Every structure is written in structure tokens, then in C-alpha cells.
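J.: Structure incoming, see below.
The values are calculated or read from the model by the stated rules, or taken from the named source; none is laboratory data. None of the values given here were measured: they were computed from a predicted structure. Counting neighbours? That spans all protein chains shown, and the Cβs are built from the backbone with ideal geometry, glycine included.
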Amino acid sequence: MPRLGFTLVALSLTACIPWPRHATKVPALEVSVSDADGGALPEAEVTLVRFSYPHAVVHESTTRAVDGGVTSFEEVREWETIWPLMPHGIPFYDFAWCVDAPAHDARVGLVKPDMKTLAVALEAGDAGCPSAKDTVTRARFSR
């Protein structure tokens, strides 16, 4: 029985050890935006939203203006501290995108892990990008 007590104490102490990791805050991604006829949309904007599982918690968003129909995001990585053995101690990040332009309906989706380029054609309308949380929800449940 003393071994069991020692094991439980040892496990509970190791759960409190922080662990550093280098996490992606913004993925490298080139986005081209056009209207339904293939014409460039000079006033379009692309927003990337970083969120984590298991509860789809939004961490931050980054917006870029489109120049000549294209914009790009450079990869940004930063060190963070995680708690590996604590419940929900390791966040797994994912990214949602929203593309918006005046007089056009916004579109949303998820950035796939191996995605380096994205081409989006917007239809005429007036629905802009939703909030960051709603962008994540719509992107996760739209197929």
C-alpha cells in the first residue's frame, strides 16, 4: 500500500510541471480573392482566427487587406507554456478564415494543416464577416 501512495503523490507532483513548446500563432498562407466572374476585389479583407480545442476557445485574430487580389500571411511562432498532465493542459490549435469585401457576402472556412494557398470567390451580397467566435463555429460546422 505505501507504493500506491508514493505513486499517487509522484504523479500529482509531475502534473504541475510546466512544459515549453513553440506554437504557431499565424500560419503561412497566401489568399487570392475574386468576385464570381474572376475579377479582383481591391477592398477585400482576409481574417485568420486562431482557436483551440477541446472547447473552440478563440485566442486571437489577424486581418490583412488584399492588394491586387492577393494577400499573404507570414508564419508566426511563439513559445508558450503548457501543463501536459493537467486536464485540458495541452491546447491543440486550428485556424478559421473569413474573406469579406464591400457589396459581397463573406465566406468562412478552416485552414487545413497542409494548406499553403487559398482561392476564394465571393458572390454579390452584403453579409460581412461574423465575430471571431461565430467565424469559428460556422467554419467548423460548414462542409
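J.: Assess whether E78 counts as being over 19 Å from F141 (Cβ atoms), in contact with a His (Cβ under 9 Å, 6 or more places away or on another chain) and either buried (at least 19 other Cβ atoms within 10 Å of the Cβ) or charged (D, E, K, R) (or both).
T.: yes
For every residue, the table says whether it meets (1) under 25 Å from F141 (Cα atoms); (2) surrounded by 13 or more Cβ atoms within 10 Å (Cβ to Cβ); (3) modelled with pLDDT under 95; (4) of a type in the set (G, A, S).
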{"site": "P2", "(1), (2), (3), (4)": "no, no, yes, no"}
{"site": "A10", "(1), (2), (3), (4)": "no, no, yes, yes"}
{"site": "P27", "(1), (2), (3), (4)": "yes, yes, no, no"}
{"site": "A36", "(1), (2), (3), (4)": "yes, no, yes, yes"}
{"site": "L41", "(1), (2), (3), (4)": "no, yes, yes, no"}
{"site": "L85", "(1), (2), (3), (4)": "no, yes, yes, no"}
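J.: Here is a follow-up. Output the residues belonging to region 104-143 that are touching a residue at least 24 places away in the same chain (Cβ under 8 Å), over 18 Å from L29 (Cα atoms) and more than 14 Å from the chain's Cα centre (by Cα).
T.: Passing the criteria: H104, A106, L122, E123, A124, G128, C129, P130, S142.
J.: For region 97-118, how many residues meet the condition of being within 19 Å of R77 (Cβ to Cβ), of a type in the set (A, V, I, L, M) and either surrounded by fewer than 15 Cβ atoms within 10 Å (Cβ to Cβ) or touching a Ser or Thr at 6+ places or on another chain (Cβ under 9 Å) (or both)?
T.: Count: 0.
J.: Sticking with this structure for a sec: Scan region 119-131 for residues that are modelled with pLDDT under 95 and surrounded by 19 or more Cβ atoms within 10 Å (Cβ to Cβ) and jot them down.
T.: C129
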